[in-house]
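Before any comments, here is the structure.
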Amino acid sequence: MIPNTDRRQMIERTEEAATIVHQCHLLDLPRSTLYYTPSKAYCEKDLRMMALLDWLHLEDPTRGTRRMRNELVKAGFEVGRCHVRTLMSVMRIRTVYCRPRTTISDPTKYKYPYLLRNLEIERPNQVWSIDITYIPMPKGFMYLTAIIDIYSRYIVGWSISNSMEAEWVTGVVKEAVEIHGKPEIINSDQGTQFTSACYVDFVKNLQTVKISMDGKGRALDNVYIERFWRTIKYDKLYLERPENGKELHKACHEFIAYYNNRRDHSSLKDNTPVSVYQAAA
């Protein structure tokens, strides 16, 4: 049996190489193992606070560090606001807030403009939305990234990792493009993974794909993927509480297969994402 460390080194990442998905399948190597890197250890108290912060953010994404700290104190934790801010940063929690309609944002403040405002989304692969979310586990945590086709709500790509490397996110986009073709627009937030040279250069090299990025703190810019996070966490991950990366990968695989192929959506006239995606593709 070849050790996982050796199999990871056998993966080729060149343009000419087979897809990462296919190579991992041939090597019997989970993608979560491929993207694994040693991470900083967190004490049990921090992990319990982070699990609660994740739940609180889904409940009310407008909670900032002050309100989050107050909720943790109510739950019996002794913690300062600065430490809460640090944990929220590790978890990639971004407080959302509404801006007055009279406010006009300066596009030069952003890496790329937000292209979805007032856009009529009428077909699959017109707009994809990508994001990363924190997944709490009993003895640690991992991150889940997913790409949703906004027209059909179909999840075109996903992966888990214990770190948030730009290479990891870029690889998920590459695999989705190889399987489903290129979108016209791919939307993300302004996180370092999506403003990295690795990610931006790859998308630019697709030539026909436009990069769109959310305004900082805007609640509705990436609403479809945010709704998916709530669904997969409340309906699957919070209930099953995966113990490790292997169990988490299995739970995500099961739920996304169900979500894509069997779960009806009222916004799709009670059709499944896959039926809408394939019918219009």
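Please treat every number below as a calculation from the coordinates, not as lab data. Small disclaimer: the values here were computed from a predicted structure and weren't measured. Here the Cβ is made from the backbone with ideal geometry for all residues, glycine too, and neighbour counts use every protein chain on show.
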- Message: Assuming 0.36 nm per residue, please report the length gained on full extension of the stretch Arg230 to Gln207 beyond their Cα-Cα distance.
- Response: 5.0 nm
- At Glu178 and Glu59, where each label point lies 7 Å from the Cα along Cα→Cβ, what is the point-to-point distance in nanometres? 4.3 nm
- Once amide hydrogens are built 1.01 Å from N within the peptide plane, the residues lying 5 or more places from Asp131 or on another chain with amide H under 5 Å from its amide H are Ala146
- Task: Mind scanning Lys45/Lys233; Lys111/Lys182; Lys74/Lys236; Lys111/Lys204 and naming the pairs with a C-alpha gap bigger than 19 Å?
- Result: Lys45/Lys233; Lys111/Lys182; Lys74/Lys236
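Sorted from fewest to most neighbouring beta carbons within 10 Å, what does the list Tyr134, Tyr112, Tyr154 look like?
Values: Tyr134 22, Tyr112 18, Tyr154 26.
Placing the least packed residue first, the sequence is Tyr112, Tyr134, Tyr154.
With a cut-off of 8 Å between alpha carbons and a minimum separation of six or more residues, what is the relative contact order of region 114-280 in percent? Numbers along the way, then the final one.
Details: 254 pairs, mean separation 37.9, N = 167.
Answer for region 114-280 is 23 percent.
Which FRET efficiency value, to the nearest 0.05, do you get for Ala197 and Asp264 by plugging their Cβ-Cβ distance into 1/(1 + (r/R0)^6) with R0 = 30 Å?
Working: r = 41 Å, r/R0 = 1.37.
Between Ala197 and Asp264 the formula returns 0.15.
For region 123-188, give the share of DSSP beta bridges that are antiparallel, in percent and rounded to the nearest 5; count only bridges with both residues there. Don't jump to the answer; show the numbers that get you there.
Details: 17 of 20 bridges.
That works out to approximately 85 percent antiparallel.
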- Separation of alpha-carbon centers, region 134-174 and region 193-258, rounded to whole Å: 5 Å
- For Ser163 and Thr86, what does the FRET efficiency come to when R0 = 22 Å and r is the distance between their Cβ atoms, rounded to the nearest 0.05? 0.85
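I need the calculated FRET efficiency for the pair Val79 and Lys246, taking r as the beta carbon distance and R₀ as 41 Å, to the nearest 0.05. Can you show the working numbers first?
Details: r = 32 Å, r/R0 = 0.77.
So the FRET efficiency works out to roughly 0.85.
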- Query: What is the diffusion coefficient of region 114-280 in µm²/s, taking the Kirkwood radius over Cα pairs and the Stokes-Einstein relation at 25 °C with a viscosity of 0.890 mPa s?
  - Reply: 151 µm²/s
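Add +1 for every Lys or Arg and -1 for every Asp or Glu among the other residues with Cβ under 15 Å from the Cβ of Lys74, and state the total. Walk me through the intermediate numbers first.
On the way: positive: Arg48, Arg63, Arg66, Arg67, Arg69, Arg81; negative: Glu59, Asp60, Glu71, Glu78.
Once all neighbours under 15 Å are counted, the net charge is +2.
With a 10 Å Cβ neighbour count serving as the proxy for reagent exposure, in which order, fewest first, do Arg92, Arg153 appear? Mind showing how you got there, number by number?
Values: Arg92 16, Arg153 23.
Fewest to most other Cβ atoms nearby, the residues stand as Arg92, Arg153.
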